[in-house]
Amino acid sequence: MSHRAPLSCASLPDHSPDDRPDRSPEQRLEVWLVDLSACGGALAALEAVVPRLSQAERGWSTEGQNGIRRTTRIALRLLLERLLPDGDKALYRQMALIREPAGRPSLPAPFAPRTFSLSHSGAHALIAISTRGPLGIDFEAPRTLKMPPHRRATLVAAAATLNPLPLGGVALGGPASSVAATDRETLIAWTRLEAVGKARGAGVAAVLADHGVIAKCEPTTGIADPAPADEGATEPLAVHDLALPGGLVGAIATPTGVPCPSVRALPNDPARLAALTGTPYGSLDYRPLDPS
């Protein structure tokens with residue numbers, strides 16, 4: 001049975017020196033943890049003031065999983081706008097995202113140097129945005145895994161080759177270890193592999209096949225669905241574990257040499273969120289979402 005620990009974003013900062021008005025967006029890499037329930041009302045209010053969703057996205061339901069998807073997309077579009085010069089923002093707003101051949105969503109050609117990656121867990125999302133090349137992110141909530149020891153061992157061994165000394169001193173062992181990998185170690189391993197798959201643009205299946213975890217034609221089981229063969233970026237990648245609250249584990253894959261950023265919490269106060277995104281706060285009609 002799965003178990004999700006209570007999650008609080010209070011320990012994460014929501015500001016940075018990068019937020020200065022004179023700060024150039026050209027060399028940014030940011031990671032944001034979004035409490036979709038707490039931020040939903042403010043995000044909807046900002047969208048009503050300055051629409052950023054495409055025509056198709058505006059048609060998404062505001063209820064259930066589609067509502068979570070819609071709120072996540074508003075947050076993503078707000079954050080991506082931080083990477084753009086002021087002169088490009090009007091063109092960007094309401095422009096549809098495109099799908100790459102392997103299915104990864106991305107910005108259209110005028111904005112292609114900017115990249116992003118998303119991950120969900122319950123009512124939270126982790127969003128990474130960058131002007132510094134390929135990008136992949138993943139996070140997982142603590143839970144009990146129904147996975148045999150040999151499968152855990154191969155995942156952990158593969159992930160250890162990506163980042164043998166992770167954040168927090170949790171060193172992952174190899175397949176010869178006499179102690180079965182814990183749920184947390186296995187989830188750490190999975191987030192690293194998933195992050196690389198996303199950065200490559202083709203998903204985790206190709207990464208697992210590259211490391212001998214699965215055969216080329218074998219479907220993934222236990223944590224994620226299968227993905228198409230790897231046709232994505234070949235730029236060398238570095239993988240970093242992320243410091244997250246509430247027992248969450250996560251990883252980000254970036255081009256080698258790009259420093260790992262700190263995770264920040266998206267503000268749920270409308271005034272601070274408006275200031276972060278440059279939206280005029282005085283025109284907001286803000287109604288907090290009903291927590292029920």
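The values are calculated or read from the model by the stated rules, or taken from the named source; none is laboratory data. Note that the structure is a prediction, hence the values are computed from the model and not measured. Don't worry about glycine lacking a Cβ; one is built from the backbone with ideal geometry, like all the others, and counts go over all protein chains shown.
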Within the stretch 135-150, of all residues that are in a loop (DSSP other than H, G, I, E, B) and of a type in the set (A, V, I, L, M, F, W, C), the one farthest from Val263 (Cα to Cα) is Met147
Go through the residues of the stretch 119-132 one by one and say whether even a single one is within 19 Å of Gly203 (Cβ to Cβ), among the hydrophobic types (A, V, I, L, M, F, W, C), buried (at least 21 other Cβ atoms within 10 Å of the Cβ) and touching a His at 6+ places or on another chain (Cβ under 6 Å).
-> no
Assess whether Pro101 counts as being assigned by TED's automatic domain parsing to the domain that holds Ala189 and not acidic (Asp, Glu).
-> no
Does Ala45 satisfy the condition of being touching a residue at least 12 places away in the same chain (Cβ under 8 Å) and surrounded by fewer than 16 Cβ atoms within 10 Å (Cβ to Cβ)?
-> no
